[in-house]
Amino acid sequence: MTEVASTVVYEVLGRRAQDLDQPIIDYIVNVLADEDFDFGVEGEGAFDAIGELLVDSGCVTDHSECRSVCNKLSDKFGKHGLVKAKPTVRSLAAPLRMYDGMDEEEVPKKKPEVMDGPVLSERDRMKLERRKRKDERQREAEYQMHLAEMEAAKAGMPVVCINHDGNVSGPVVKDIHMENFNISVGGRDLIVDGSVTLSFGRHYGLVGRNGTGKTTFLRYMAMHAIAGIPKNCQILHVEQEVVGDDTSALQCVLNTDIERTQLFEEEIHLLALQRELDIDGATENSKEELTGGIDKNAIAQRLEEIYKRLEFIDAYSAESRAASILAGLSFSTEMQKRPTKTFSGGWRMRIALARALFIEPDMLLLDEPTNHLDLHAVLWLETYLVKWPKTFIVVSHAREFLNTVVTDILHLQGQKLTTYKGNYDIFERTREEQLKNQQKAFESNERSRAHMQTFIDKFRYNAKRASLVQSRIKALDRMGYVDEVINDPDYKFEFPTPD
Ligand SMILES: Nc1ncnc2c1ncn2[C@@H]1O[C@H](COP(=O)(O)OP(=O)(O)OP(=O)(O)O)[C@@H](O)[C@H]1O
């Protein structure tokens, strides 16, 4: 019935329908299609019900055009057999109560009145302030506990290093589907019922207001703490600077290739043995002691295997690759040879970034990588990431950087993650358009609801309008709500005065 009613409404309104918002049209159709609706004589009932709405919305120019439209509607509805025969009029023996026979839920609820709270005394205000500060301290303590738990969990995880043979522990997983997951910190829900698919080779920019949980999401991913992340997927989250010690910056990067380092160490050891065996003066017994029973042939054979493997894993070009990454991040040749302990935190962060780029994990997670970089390094990193062959997620507030390096945007808002195709500018435009439409739909929905509510309130106790009021109540119920546009609040810092 509603379908035919909708066709009739569009037919009668014609071009006028183009200027009407969808919720208003839906409302008109619902009211007129209601089986209890009374069109009255020459569409008088329709005029009463939707006349004001048609005039207010600008669909008709004045009341006389409105009457003619309502008349036509009544006529057409009648022709399509959509008008019910008028019930015989009878006088009421007893007063009619509007809510009789209605479900409790259908009874329109009155909005709770907003009451102004009592004015706080200075003492109460101080008390509240103290309570607030106490809560803050508790939140900070809970957050520190969360960080400690994360650290402990990370320490128990396998070290992310260069994996020359691909995934030996299972088939290579390309896309990652994380479904219906929740993340909360210190009792605060950051992501509720989140679902994300990360396609292999795409570059994601993770954006959202401060404090919404971007870093925490990356941490959970790095710990494989979200269902749907394959165990054999190597995820590296560049979060902390490298620990400073006597290792040179270059060696620190090279050490992430554990197999290469081990093969070189074994080679050095075997070559030393070979030299010992070649010394003429050594007795057979002392030679045996040195080599643990391995003869010269076995050593030569093992060395051959080592050289083949080193060749296979590109071990000889690794140093120049590592050096070029460090150079890109503004380390001069002299700096690359310096022990990591001689660098500041910012520069050690760059070494951590260089290590991650050198490892090339299946999934790279970068949190504000440009924060520690100079312009030259930022430009170099942009070029490097554009060509990155695998998947990465980067959190950054640098618009130009995001525009250059990402192919998709992950937006964390309202405890949900949404994916948008395209760079940051495209995301911003799409989002603006979406918000505008949502706001428009919200306002139009509110307008229609308010209009219906006014009618209901006005004629609630009017027995003659009972059926109209009922149909409005039903229509109001069917109409539903459009969400209002709500932005996540910015994280606010407060520096309390000491007690
Ligand atoms: N130092 C802190 N003390 C207490 N709670 C914190 C602290 N840092 C973060 N949190 C809590 O964890 C939530 C998520 O923080 P997280 O760092 O993951 O957000 P974010 O989106 O990465 O923010 P930002 O962009 O500011 O880094 C915060 O809203 C806050 O509730």
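Here, each number is a calculation from the coordinates, and none is a lab measurement. Since the model is a prediction, treat every value here as computed from it, not as a measurement. Cβ sites come from the backbone with ideal geometry, for glycine too, and all protein chains shown count toward neighbours.
The Cβ shell under 14 Å around residue 344 holds other residues with a net charge of +2, Lys and Arg each +1, Asp and Glu each -1.
Can you bin region 287-446 into rounded, prolate or oblate? Criterion: square roots of the alpha carbon gyration tensor eigenvalues sorted a ≥ b ≥ c, rounded for a/c under 1.5, prolate for a/b above b/c, oblate for the rest. Prolate shape, in that a/c is at least 1.5 and a/b is the bigger ratio. If I take every Cα pair under 8 Å that is 6 or more residues apart in region 1-80, average their sequence separation and divide by the length, what percent do I get for the relative contact order? In percent, rounded to a whole number, it is 35.
Taking Cα centre as origin and charging only the Cβ of basic (Lys, Arg, +1) and acidic (Asp, Glu, -1) residues, the dipole magnitude of region 1-80 rounds to 380 debye. For region 425-478, the Kirkwood hydrodynamic radius comes to 13.0 Å, computed from all pairs of different C-alpha atoms. Qualifying chymotrypsin sites (Phe, Trp or Tyr not before Pro) in region 183-260, where qualification requires a DSSP coil assignment and no more than 14 other C-beta atoms within 10 Å, comprise 200. Once the chain from residue 142 to residue 128 is taken as fully extended at 0.36 nm per residue, the excess over their C-alpha distance is 2.9 nm. Using a simple spin-label model with pseudo-atoms 7 Å out from Cα toward Cβ, residue 342 and residue 360 lie 3.1 nm apart. Between the residues 222, 186, 196, the greatest Cα displacement towards the positive end of the dipole of region 139-243, with unit charges on the Cβ of Lys, Arg, Asp and Glu, is found for 196. Dipole magnitude for region 371-424: computed about the Cα centre from +1 point charges on Lys and Arg Cβ and -1 point charges on Asp and Glu Cβ, it is near 240 debye. Among the listed pairs 387/436; 436/474; 390/421, those whose Cα-Cα separation exceeds 27 Å are 387/436; 436/474.
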